[in-house]
Amino acid sequence: MGHESPAILERLNGWKAIAAYFGRDRTTVMRWARERNLPVRRIPGGKQGSIFALKHELALWAMHDDEVALSTTPTVGAEPADRGVTDPVRSPSPGARKQRYWAWVIAALLAIALAGLFVLITKQRLEHDRLSKGPHAEIPALALPGNPAAARDYIAARDRWARRTPQDLKAAITLFEGVIRREPTFAPAFAGLADAWLISREYDEVNEPTAYRHARYVAERALRLDSKLPAAHRALGFIDHWWNGKTPSALAHFRRALELNDADAQTHFWYANVLADTGDDTAAQREYDKARLLDPGSIVIEVEQACSQWQAGRDQLAITQLRALARRSPDDATIYNCLAWAEISRGNIRGYAQMLSKRAHLRGEKQLLQASAALDASVRRDPSQAIHVLVAEGRREIASGARRFRDTPAFFASAMGDRAALVQLMTEAVSLHEQWYSMPVTRRIAARWKGDSEVERLLAALVPKPPANANSG
């Protein structure tokens, strides 16, 4: 069914508005309705039906009634003077009537043409948006494999992934792999498997190199199968920022994912994390809020948003919110990781060790437990020397391939005032052409060593220009 343009169907409600349209009084247009068939309509109901008219009908009526309507110029919104029932209709000269007649004809034709153009442009824009977003644009999360068994396992895999326990993540990976065996061209299963590997770094014992290697492989497979799959772009954005150090590429992937599907909480959430780490606090908070609106009650998102307060320099607010979250969700290891960073940024390595210990015991990861125990022992012996244990652990991670950049151990050294360790780590990073995109880290190093020419020179070589997030403001 066709639809009339809103511009053509603009409605005037009541005698007063109709009179204002013609620049006349109410009694005159009421007389025109009685005597000259002025096209007014009545809405049934009550003792007196409500009166309204459509502008395009009034214009057409006016064009065919020289003696009446063309004697005035319609005025929208003007309040006419009340001239009384006996006010005569002014009768212009024949030449003036002819000029006004053709003016009305041209105006009416222009209105119809513009309305048609508006409808055409709107339809073309909607069609362009639909085509540009691809087959997964509207509700990509609802896509299912054609095989009933694969569809059942795919739903189960997503459920297990969302629970985020080590056992559930292992089960999710197995289920996603089973779906892929049954439906090797179903791209969302590859993207789901990528997400499961990425989350396993945080909630299971999978090490960083293994998780990122598997995640990248299957995310790229997903993108080859469907270049417009938002979840594939999201996974690659996550990998590019947090592992590859290719933040501009990461931001481009996230923006593309949101262009394809702006209603995905996970995409807004992970994008917010990257924005917070690159120092774009305004955009990050906006994305966190969107994620929470799309996924109400998510403790995972709430924790990371609280952590982002520390990243933006609002340390006390972050600590207050994180402690409140710890009381509500005492088994969430991420809370203690965020609190650990907040503590060491204040030079409190004892507080850092306490939070690290809680996180390690909740995770149950062997290497993390060993690192925590070594730090605890060092703090008990001599807190002033405990920073060397942290720096040594960072170097061990780099040597084993579990860490790719030196910004974290450098930040720890900076926070604890160990300039020698800081300069050594920064010098190594510059020689290896590292780029440190984490603004919460580099800003605090810069503030701590302001006026130190050597640290400032090294930092200038390590910190790239701010990426164009295109989301601030």
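The values are calculated or read from the model by the stated rules, or taken from the named source; none is laboratory data. Keep in mind the model is a prediction, meaning the values are calculated, not measured. Here the Cβ positions follow ideal geometry from the backbone for every residue, glycine too, while neighbour counts run over all protein chains shown.
Odds and ends about this structure:
- First in the range 148-164 and at positive phi and in the same structural domain as E177 (by TED's automatic domain parsing), second anywhere and assigned to a helix (DSSP H, G or I) and aromatic (F, W, Y), Cβ under 8 Å, 6 or more apart: R164/Y203
- Of all the criteria given as (1) surrounded by fewer than 23 Cβ atoms within 10 Å (Cβ to Cβ); (2) more than 14 Å from the chain's Cα centre (by Cα), the one not satisfied by I239 is (1).
- Criterion (under 30 Å from the mean Cα position of the chain (by Cα), in contact (Cβ under 8 Å) with a residue 24 or more places away in the chain and outside the structural domain of T210 (by TED's automatic domain parsing)) met by exactly one of T334, T427: T334
- Total residues in the range 379-397, condition buried (at least 17 other Cβ atoms within 10 Å of the Cβ), part of a helix (DSSP H, G or I) and not charged (D, E, K, R): 6
- Evaluating S357 against the criteria (1) without any contact (Cβ under 8 Å) to a residue 40 or more places away in the chain; (2) in contact with a Pro (Cβ under 9 Å, 6 or more places away or on another chain); (3) closer than 29 Å to A272 by Cα leaves one unmet condition, (2).
- Residue that is farthest from E177 (Cα to Cα), among those in the range 248-259 that are in contact (Cβ under 8 Å) with a residue 24 or more places away in the chain and buried (at least 23 other Cβ atoms within 10 Å of the Cβ): L251
- Some residue of the range 328-343 being part of a loop (DSSP other than H, G, I, E, B), at pLDDT 95 or above and under 22 Å from F412 (Cα atoms): no
- Residues in the range 201-211 that are out of contact with any Asp or Glu (no Cβ under 9 Å at 6 or more places or on another chain) and either among the small types (G, A, S) or buried (at least 21 other Cβ atoms within 10 Å of the Cβ) (or both): V206 alone.
- Consider the range 439-460 and keep the residues that are within 23 Å of A399 (Cβ to Cβ) and over 27 Å from the mean Cα position of the chain (by Cα). The one that is surrounded by the fewest Cβ atoms within 10 Å (Cβ to Cβ) is L458.
- G364 modelled with pLDDT under 95 and either farther than 19 Å from Q266 by Cα or assigned by TED's automatic domain parsing to the domain that holds I199 (or both): yes
- Residue list for the range 261-278, restricted to those being crowded, with 20+ Cβ neighbours inside 10 Å and farther than 15 Å from A306 by Cα: N261, D264, Q266, T267, H268, Y271, T278
- For the range 402-415, the count of residues that are in contact (Cβ under 8 Å) with a residue 60 or more places away in the chain and at positive phi is zero.
- P209 vs. criteria assigned by TED's automatic domain parsing to the domain that holds R158 and assigned to a loop (DSSP other than H, G, I, E, B): no
- Residue satisfying condition, being over 26 Å from T442 (Cα atoms), part of a helix (DSSP H, G or I) and under 17 Å from the mean Cα position of the chain (by Cα), within set R286, R256: R256
- With respect to (1) buried (at least 23 other Cβ atoms within 10 Å of the Cβ); (2) free of Cβ contacts under 8 Å to residues at least 12 places away in the same chain, the lone exception for R327 is condition (1).
- The residues of the range 24-36 that are surrounded by fewer than 17 Cβ atoms within 10 Å (Cβ to Cβ) and either aliphatic (A, V, I, L, M) or under 56 Å from the mean Cα position of the chain (by Cα) (or both) amount to a single one, A33.
- Here is the figure for the range 410-438: residues that are surrounded by 20 or more Cβ atoms within 10 Å (Cβ to Cβ), out of contact with any Leu (no Cβ under 6 Å at 6 or more places or on another chain) and closer than 21 Å to N273 by Cβ total 3.
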